[in-house]
Amino acid sequence: MAGVSVSTVSLVHSKRGYVSAKTRVKVEKVIAKHNYHPKQSARNLASGRTGNIGFILSDIHLSSTEMFYSRVLLGAELEARKRDYYILLTTADEGFQPPKDAPRFLKSGDVDAVIIAGSVPNELIEYVQELKLPYVLVDYRHPAIKSNLVLIENFDGAHVAVNHLLDNGHKQIAFVGGSFNHSSIQERFRGYQAALLSSGLDEVANNKSIHYLVQQEITTQIGFDGICELLDNNVKIDAVVCANDTTAIGCLQALKQRQISIPQDIAVVGFDDIAYARDTDPSLTTVHVPKLEMGIQAVRLIFDLLDHPLSGLQSRIINTELVVRESTNGIKQD
């Protein structure tokens with residue numbers, strides 16, 4: 001209909017390669033007029049690709065409280081859509097055993113690559129590695145396997161948060177959090193300690209009685225229980241840095257229940273800047289993580305791996321930013 005070759009139509013539709021402006025307009029008019037869409041199965045057969053990217057995360061990370069990885073997933077979906085790819089989502093539980101529990105899209109070879117977000121059983125990562133599929137870990141590191149990574153500036157984010165508290169006169173700064181086997185939480189704690197050490201507060205940085213660290217999946221209950229345990233043990237604190245916003249929300253609830261003034265008596269800082277953080281009472285000072293960008297970068301890295309299969313391992317680091325709100329004597333922000 002446009003009077004051009006199949007390959008020219010393909011170049012116009014995929015927006016790749018050179019096509020003159022005049023020819024491109026002519027082809028696009030025919031595409032629009034007839035609502036043309038190439039058949040996905042035929043394109044896959046020609047390209048040798050499935051047109052799908054697998055996205056795996058643990059069941060707990062899809063909880064309504066967390067909301068972190070749901071935003072990462074949305075970012076991945078938006079970027080994949082631009083490239084005419086589909087995201088196939090599945091979850092893995094704590095007792096994952098390959099190959100019995102492997103996602104169906106891995107067993108059937110229905111994906112070109114895999115994104116694994118957050119902490120999942122290491123056996124799952126090892127299984128994907130054995131399949132020799134391109135894969136990217138988002139916000140997690142395998143303790144023994146070097147992988148392509150999309151990570152957060154966890155250390156720097158926590159370091160900035162502690163310095164903010166120090167600048168406001170706080171010195172007895174506690175740390176509360178769960179999932180301490182998660183590499184991101186470990187880095188946040190390390191940044192917390194480093195900021196205290198660099199300010200000469202070695203005793204606080206190394207005082208285990210001021211640190212509530214548990215090997216349980218993070219919930220608001222951990223934040224609630226953590227701050228209560230510190231207070232019940234008569235630990236003197238004037239501020240608390242939390243492993244993430246979910247933990248911080250639990251801390252806020254416990255402090256309010258005990259009629260402890262925030263931030264006058266104890267200031268509270270979270271990490272992640274989930275949507276609910278601005279709506280707490282008081283609104284939560286936190287470290288903003290651009291979660292959509294994490295998903296976008298994960299898909300972009302996947303395509304780098306698909307297009308350049310012999311390239312080396314890559315890491316992409318997502319910067320963070322402190323958002324000051326009422327829980328550290330800031331102002332409520334929309």
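Cross-link partners among lysines for Lys22, C-alpha distance below 25 Å, same-chain residues fewer than 8 apart left out?
Lys33, Lys82
Which of the aspartates and glutamates could a cross-linker bridge to Lys171, judged by Cα under 12 Å and excluding same-chain residues fewer than eight apart?
Reachable aspartates and glutamates: Asp202, Glu203, Asp238.
So which lysines pass the test for Lys29, namely a Cα distance under 18 Å, with those fewer than 8 places away in the same chain ruled out?
Those lysines meeting the cut-off are Lys15.
What do you get when you divide the Cα radius of gyration of the chain by 2.2 N^0.38 Å, with N the number of residues?
1.19
For n ≥ 4 DSSP H runs only, could you compute -39500 (n - 2.57) per run for the chain, divide by its residues and tell me the 222 nm figure to the nearest 500?
Values: 12 runs with 137 residues, N = 334.
Computed mean residue ellipticity for the chain: -12500 deg cm²/dmol.
Determine, for Phe68, Phe55, Phe271, the number of other Cβ atoms within 10 Å of each Cβ, and report the residues in order from fewest to most.
On the way: Phe68 24, Phe55 27, Phe271 30.
With the fewest neighbours first, Phe68, Phe55, Phe271 line up as Phe68, Phe55, Phe271.
Can you give me the Cα centroid spacing of region 203-259 and region 53-129 in angstrom?
31 Å
Take the residue pairs Lys107/Lys146; Lys100/Lys132; Lys208/Lys291; Lys146/Lys291; Lys26/Lys291; Lys100/Lys146 and return only those whose Cα atoms are more than 29 Å apart.
Too far apart for the 29 Å limit: Lys208/Lys291; Lys26/Lys291.
Restricting to the chain, what percent of DSSP beta bridges are antiparallel, rounded to 5?
Numbers: 3 of 38 bridges.
Taking every DSSP beta bridge with both residues in the chain, the antiparallel ones total about 10 percent.
Give me Ser261, Ser315, Ser327, Ser183 ranked fewest to most by other Cβ atoms within 10 Å of their Cβ, as a rough exposure proxy. Don't jump to the answer; show the numbers that get you there.
Working: Ser261 10, Ser315 14, Ser327 28, Ser183 18.
Ordered by Cβ neighbours within 10 Å, fewest first: Ser261, Ser315, Ser183, Ser327.
Mind checking the alpha-carbon convex hull of region 194-298 and giving the volume per residue in Å³?
Residue-normalised Cα hull volume stands at 124 Å³.
Give me Asp110, Asp139 sorted ascending by neighbouring Cβ count inside 10 Å, so fewest comes first.
Listing Asp110, Asp139 from fewest to most nearby Cβ atoms yields Asp110, Asp139.
What is the Cα radius of gyration of region 145-218 over 2.2 N^0.38 Å, N being its residue count? Before the final figure, lay out the partial values.
Values: Rg = 13.0 Å, N = 74, 2.2 N^0.38 = 11.3 Å.
The reported ratio for this selection is 1.15.
Each value in this text was obtained by applying a stated rule to the coordinates, not by laboratory testing. Just so it is clear, the structure is predicted and the values come from calculations on it, not from any experiment. All Cβ positions, glycine included, derive from the backbone under ideal geometry; neighbour counts span all protein chains shown.
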